[in-house]
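Reading through the structure tokens given below for one structure.
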Amino acid sequence: MKRCKACGSQVADTANNCPNCGSADLEVMAAMPQAPVNGVQPMMGGYPQTQAQPQMGMTYAVVYMVILGLSVIGNVMNLFSNFNIGTLIGVVFLGATIILLAMRNKVGRILAMIQSVIEIINGVLFGILAVIGGAAIEEFAGELVAVEGLGTAIGAVFGVIAVISIAFGTCSFIYFKKRACMYTK
């Protein structure tokens, strides 16, 4: 048997990657003198040795699929109120990405990387809006609306959206680029 150094899961001798977390960092486990009873190894050196239990935490890919799923729900709701072909293409693209990622298909990984690049571009556009749009709103809306600082507040909101979009897109791209071994079908 092998053991994953990243999550502690036991892995078959023939496996190259951990089926739990996808890590390729595996080590061969030493042969045990006796089988464990109720998860506890026989006494060695006077102390019982407990067996490492695999950790079943959420992976980034699952979180990513949940975020894409929420985006699909929002786009489907938008389709019901204002049908257009662009939104329909977005729903199909995101839906296909979620399904293919869940199947651990390499096309799903590529679609996720494309979505990450689109997210980074959106972040850059929101950053430009934060700088240019906030000042323009302050200049033109200041005459129409008696609220001071409106343009600055809107610019700050656009700035926060830009930072989140760029960070999420960059992390997603890096994650899916490094996890190519998990998507082999």
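The values are calculated or read from the model by the stated rules, or taken from the named source; none is laboratory data. Please read all numbers here as calculations on a predicted model, not as lab measurements. When we count neighbours, we look across all protein chains shown, and the Cβ atoms used for this are built from the backbone with ideal geometry, even at glycine. For the accessible areas, the whole protein counts, side chains as well, though only heavy atoms, and no ligand, DNA or RNA atoms are used. Shrake-Rupley method; radii C 1.70, N 1.55, O 1.52, S 1.80 Å.
For this structure, a couple of remarks:
- A probe of 1.4 angstrom, applied to the heavy atoms of all protein chains, finds S23 with accessible area near 30 square angstrom.
- Per-residue accessible area (protein heavy atoms, 1.4 Å probe) orders F80, F168 as F80, F168, starting from the largest.
- Sum of side-chain charges, D13 neighbourhood, beta-carbon under 14 Å (Lys, Arg +1; Asp, Glu -1): +1
- Approximating the spin labels as points 7 Å out from Cα along Cα→Cβ, the M29-to-V62 distance works out to 2.1 nm.
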